[in-house]
Protein chains: 2
Amino acid sequence: MKLLEKTCQQIFPQDSQARDRAKERLDQLTMPHWALGDLMDLAVDLAGMTGTIKPSCHRKAIVTMAGDHGVVAEGVSKFPPEVTPQMVYNFVAGGAGINALARQAGADVYVVDMGVNADLGELTKSGAVIDKKVSFGTSNIARGPAMSIANARKSLESGIEVAFELGSRYDIFGTGDMGIGNTTPSTAIAAVVTGKPVEDLTGRGTGLDDEQWQAKIKTIKRILEVNKPDRKDGIDILAKVGGFEIGGIAGLILGAAAQKKPVLVDGFISTAGALIALKIEPFVRDYIICSHRSVEPGHKYMQEVLGCKRPLLDLNFRLGEGTGAALAMNLVAAAAAVLTEVATFAEASVASAENER
Amino acid sequence: MKLLEKTCQQIFPQDSQARDRAKERLDQLTMPHWALGDLMDLAVDLAGMTGTIKPSCHRKAIVTMAGDHGVVAEGVSKFPPEVTPQMVYNFVAGGAGINALARQAGADVYVVDMGVNADLGELTKSGAVIDKKVSFGTSNIARGPAMSIANARKSLESGIEVAFELGSRYDIFGTGDMGIGNTTPSTAIAAVVTGKPVEDLTGRGTGLDDEQWQAKIKTIKRILEVNKPDRKDGIDILAKVGGFEIGGIAGLILGAAAQKKPVLVDGFISTAGALIALKIEPFVRDYIICSHRSVEPGHKYMQEVLGCKRPLLDLNFRLGEGTGAALAMNLVAAAAAVLTEVATFAEASVASAENER
């Protein structure tokens, strides 16, 4: 059996017994009932994901997947494509947004070359970047598919491999992306999976004006017409309108879920990856934590498909790289701390509320 | 001159030059313009508060002020008043919600006895609790003022003293409260300062049913009729319808602002303290960061008076103790990291967007 299928077979729904035991403990903590709200809901999820009421979230990894996009030829981004490899160098030097936020959260950053359109041999040989390069950028999806079905599988399995390679050393993963032009394939994926009109999903990416925005909508509509992705088939969607880093993110999420590890999904691009993972294996949803709500208008609808009404943070981020996931790792660690470190009324000899005595 | 007046004279608006320099640097970071949204706005504020574009937010202190309330005689809380000292013991033992969340955020917790209705000599003598006890709980505000004007000043100055005692060792403060029954005085303060109807401000506290909620509204209306606080006079409001821990929180905020240190205001009770501080010295607003939006319905209106449209977190918290402030300290540290650790386009040799080159 192939790695992708084998991984999917290892993904099960959350452990309902662990969820029940977590709820039972949280009900008895020395505070008014469920007074830490969403953090307590998250603590129940962590118990369900990990199968224990003492989940550890100390060892944190952000995996930032990088890839290039042939569709930049259509003028969908304000930034030139050489920024993708330049930012990879910036990640390695520790000077990017993700480096600062991961350091703050106590998370390690792994950068993966999934399909950057540049020779990163210098960085992959030294081990500074993980080499999973499928190809030097995707084909232009406004003209045909992004990649072959074989390369779609390869990008997914590369992400799974990264998850398993890091799995023994980390309790929790966060996803991240770097790829000039990648809001365009992500919006196309969102349109296919959510069924919403392209106009409702398309944002300004990294800063388009009105005219550029209209052109982007037109391009995305053309992408969907040209490729006609099968909305039931995650691999088909990825191959036709996706990207190598998006496939890598989807694979990372599948690999995390197969290891019963929580995975914090970052912003718009990462959520497109999560939707691909969801289409391939619906149970993956039980291991996904939506970290934040992006400025991109389609993000809300995509998160709804993942069953997330309200992500942990809503701070007008639109950067990607894993920045939202890194920041939200603090909240996940806090949720685990509430479950594992706060005393119950009985343990602390504190009187409980009238109707709870 | 008295400590309160002297402190207020040391509170100035944010440093606009430092704000400008911070904006200038943030404009050039290796990311699409302002792509970390609210975190970058916060970074500008941190520069303005501290007067430097290299603000440090590493040394974090949560100050949890405890006090009791005579108004519990009216049946406004589901929890018995002995829970206040019991929770102080729980804080000292490290088993409360605030302990878990402060540990996660790397913050130290200081517990202050501002007016607990119990002898805490055992804890204050050992140094586990800071002794600033003004009295053994307030008087019943449904029958008359909470405290004398002299004791209102004493509670404010005690909070200021704590801020100055800790000031040399900490970069940032978070406020916290513990006091059974303290949503009632806080709602009364909110009604006076916001001018909103009591019905719109009153919540379920730690879990009241409909009948208890109606009774609480009635009690708060009576409190306002009996005391007629002067909405222009923070000390009068505190003395008539406040509490010792609320005064302590207001003092802590004033003391932090006088030292140009950011202060993260926790939930409903802490925000009532912030409103008292604001009425005493309007410039204090420039040093306040609203950490989260409480479940309590009045919180939104109170935060609006502080100039905060959207706090950093919105996670259905209703605990107090400083838990929201502790969790949000991660975000403040992250904002400082964005300003101080992320490279500019020039520093990292990354190409910027078309219209920015």
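Helix B:210-227 and the long axis of chain B differ in direction by around 90°, with both axes built from C-alpha atoms.
If the only charges are +1 at each Lys and Arg Cβ and -1 at each Asp and Glu Cβ, what is the size of the charge dipole of region A:1-152 around the Cα centre, to the nearest 20 debye?
On the way: 15 positive and 16 negative charges, 54 e Å.
Roughly 260 debye for region A:1-152.
I'd like the antiparallel share, as a percent to the nearest 5, of DSSP beta bridges with both residues in the protein assembly as shown. Can you show the working numbers first?
Numbers: 2 of 49 bridges.
Expressed as a percentage, antiparallel bridges in the protein assembly as shown total about 5.
Distance from a point 7 Å along Cα→Cβ of A:K54 to each backbone N in region A:1-44: keep the residues under 17 Å and list them by number. Counting backbone N atoms under 17 Å from the label point, the list is A:18-19, A:21-23, A:25-26.
Antiparallel versus total DSSP beta bridges in chain B: what percent is that, nearest 5? Looking only at bridges with both residues in chain B, the antiparallel portion is about 5 percent.
Shape descriptor for chain B: Rg over Rh equals 1.00 (Cα atoms; Rh from the Kirkwood inverse mean 1/r). Judged by a Cβ-Cβ distance under 4.7 Å, the unpaired cysteines of chain B are B:C8, B:C57. Given +1 at the Cβ of Lys and Arg, -1 at the Cβ of Asp and Glu and no other charges, the dipole of chain B around its Cα centre is 500 debye to the nearest 20. As an equivalent ellipsoid, region B:113-236 spans semi-axes of 29, 17, 15 angstrom, where each value is the square root of five times an eigenvalue of the C-alpha gyration tensor, largest first. Candidates B:N316, A:V305, A:A348 compared by Cα position along the dipole of the protein assembly as shown: farthest toward the positive end lies A:V305, with charges placed on Cβ.
If you rank B:R169, A:R231, B:R318, B:R204 by fewest surrounding Cβ atoms within 10 Å, what's the result? Walk me through the numbers before you get to the answer.
Numbers: B:R169 9, A:R231 15, B:R318 25, B:R204 18.
Arranged by neighbour count, lowest to highest, B:R169, A:R231, B:R318, B:R204 become B:R169, A:R231, B:R204, B:R318.
Counting only other chain Cβ atoms within 10 Å of each residue's Cβ, the peptide B:24-32 averages 4. Contact order for region A:60-338, expressed relative to its length and based on alpha carbon pairs under 8 Å spaced 6+ residues apart, stands at 25 percent.
Equivalent ellipsoid semi-axes for region A:275-357, as square roots of 5 times the alpha carbon gyration tensor eigenvalues: give them largest first, rounded to whole Å.
Details: eigenvalues 225, 52, 34 Å².
Largest first, region A:275-357 gives 34, 16, 13 Å.
Given R0 = 45 Å, the distance between the Cβ atoms of A:R231 and A:Q28 translates into a calculated FRET efficiency of 0.50.
Plainly put, the tip 7 Å out from Cα toward Cβ on B:E5 is 8.5 nm from that tip on each other copy, the closest given first.
Given +1 at the Cβ of Lys and Arg, -1 at the Cβ of Asp and Glu and no other charges, the dipole of the protein assembly as shown around its Cα centre is 320 debye to the nearest 20.
Sorted from fewest to most neighbouring beta carbons within 10 Å, what does the list A:I149, B:I235 look like? Don't skip to the answer; put the middle values down first.
On the way: A:I149 14, B:I235 20.
Starting with the residue having the fewest Cβ neighbours, the order is A:I149, B:I235.
Quick check: the distance between the Cα centres of region B:1-42 and region B:76-141, to the nearest angstrom? Distance between centres, Cα-based: 33 Å.
Estimated from helices alone, the mean residue ellipticity of chain A at 222 nm is -15000 deg cm²/dmol (sum of -39500 (n - 2.57) over DSSP H runs with n ≥ 4, per residue).
For chain A, the residue among A:Q14, A:A93, A:L208 whose Cα projects farthest onto the positive side of the dipole built from Cβ charges is A:Q14.
Looking at this model, which pairs from B:K216/B:K260; A:K78/A:K132; B:K240/B:K300 are more than 30 angstrom apart at the alpha-carbon? With Cα atoms farther than 30 Å apart: B:K216/B:K260.
Compared with the dominant Cα axis of chain A, that is its longest principal axis, helix A:244-258 is turned about 30°. As a calculated quantity, the FRET efficiency between B:R222 and B:S139 at R0 = 25 Å, using C-beta atoms, amounts to about 0.95.
Among A:L123, A:L42, the order by Cβ neighbours within 10 angstrom, fewest to most, reads A:L123, A:L42.
Expected output is a single nm value to one decimal: the length gained when fully extending between A:R169 and A:D41, i.e. 0.36 nm times separation in residues minus the C-alpha distance. What is it?
On the way: separation 128, 0.36 × 128 = 46.08 nm, distance 2.60 nm.
Extra length available between A:R169 and A:D41 comes to 43.5 nm.
Hey, if you drop one equal point scatterer on each alpha-carbon of region A:60-172 and run the Debye formula without solvent, what base-10 log of I(q)/I(0) do you get at q = 0.10, 0.15, 0.21 Å⁻¹? Log10 of I(q)/I(0), two decimals: -0.32, -0.71, -1.22. The angle between the Cα long axis of helix A:323-341 and the main principal axis of chain A comes to about 20°, on a 0 to 90 degree scale. Kirkwood hydrodynamic radius of the protein assembly as shown, from the reciprocal of the average inverse Cα-Cα distance over all distinct pairs: 26.2 Å. Note on B:249-260: average number of Cβ atoms from other chains within 10 Å of each residue's Cβ is 0.
Could you work out the mean count of beta carbons from other protein chains within 10 Å of each residue's beta carbon in A:342-352?
That works out to 5 on average.
Springs join every pair of Cα atoms under 10 Å in this Gaussian network model of chain A, and among A:D113, A:D210, A:D41 the largest mean-square fluctuation is at A:D210. By Cβ position, the chain B residue that hugs the axis carrying B onto A most closely, with its distance in whole Å, is B:N330, 2.
Just so you know, all these numbers are worked out from the coordinates, no wet-lab data involved. No experiment lies behind these values; they were computed from the predicted model shown. With ideal geometry, Cβ positions are generated from the backbone for all residues, glycine too; neighbour counts draw on all protein chains shown.
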